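Enquirer: This is the structure I have questions about; it appears just below.
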Amino acid sequence: MSGGDLLPLQLHVYSGALEDPECQEIARRGFLRIWRTVAGLTRAPAAEVLDFLAHGMLVNVLVALGFPLPTGREALASSFETWAADSRAEPPASRPAS
């Protein structure tokens, strides 16, 4: 499996977890493994691990939607804010971080 296949697989598992208890259990175990890996490697407080994983899930969704990902949290927030305020559904063109 290539890296490009992982995001569609992850999103498929999560969508399947909505209606399939077996898929839900697989997704839950996988997410718990990710949590434990991040927490164990970083020794960060639970709230920081939660923020890290939440940000990662947001980025996954934005990638799935075809949103261009500028470098840096502030640039991403600014770009997303512009996109969300715009009446069009297309993401904005990539622009350099300021």
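The values are calculated or read from the model by the stated rules, or taken from the named source; none is laboratory data. Small disclaimer: the values here were computed from a predicted structure and weren't measured. Here the Cβ positions follow ideal geometry from the backbone for every residue, glycine too, while neighbour counts run over all protein chains shown.
Enquirer: Has the stretch 28-50 got at least one residue that is surrounded by 13 or more Cβ atoms within 10 Å (Cβ to Cβ), part of a loop (DSSP other than H, G, I, E, B) and of a type outside the set (Lys, Arg)?
Expert: Among the residues of the stretch 28-50, at least one is surrounded by 13 or more Cβ atoms within 10 Å (Cβ to Cβ), part of a loop (DSSP other than H, G, I, E, B) and of a type outside the set (Lys, Arg), which makes the answer yes.
Enquirer: Here is a further query. Which pairs do you get when a residue that is touching a residue at least 12 places away in the same chain (Cβ under 8 Å), found in the stretch 39-51, comes within reach of a residue that is surrounded by 10 or more Cβ atoms within 10 Å (Cβ to Cβ) and of a type in the set (A, V, I, L, M, F, W, C), reach meaning Cβ atoms under 6 angstrom, with the pair 6+ apart or on two chains?
Expert: So the pair list comes out as Val49/Val38; Val49/Ala39.
Enquirer: Can you tell me which residue in the stretch 51-91 is surrounded by the most Cβ atoms within 10 Å (Cβ to Cβ), limited to those that are part of a helix (DSSP H, G or I) and of a type in the set (Ser, Thr, Tyr)?
Expert: Quick first cut of the stretch 51-91, residues part of a helix (DSSP H, G or I) only: 51-64, 73-85.
Adding the requirement that they be of a type in the set (Ser, Thr, Tyr) leaves 78-79, 82.
Details: Ser78: 16, Ser79: 22, Thr82: 12.
Ranking the qualifying residues of the stretch 51-91, first place goes to Ser79.
Enquirer: Name the one entry in Gly56, Gly72, Gly66 that is modelled with pLDDT of 80 or more, in contact with an Asp or Glu (Cβ under 9 Å, 6 or more places away or on another chain) and closer than 30 Å to Val38 by Cα.
Expert: Working: Gly56 fails: in contact with an Asp or Glu (Cβ under 9 Å, 6 or more places away or on another chain); Gly72 fails: in contact with an Asp or Glu (Cβ under 9 Å, 6 or more places away or on another chain).
Result of the check over Gly56, Gly72, Gly66: Gly66.
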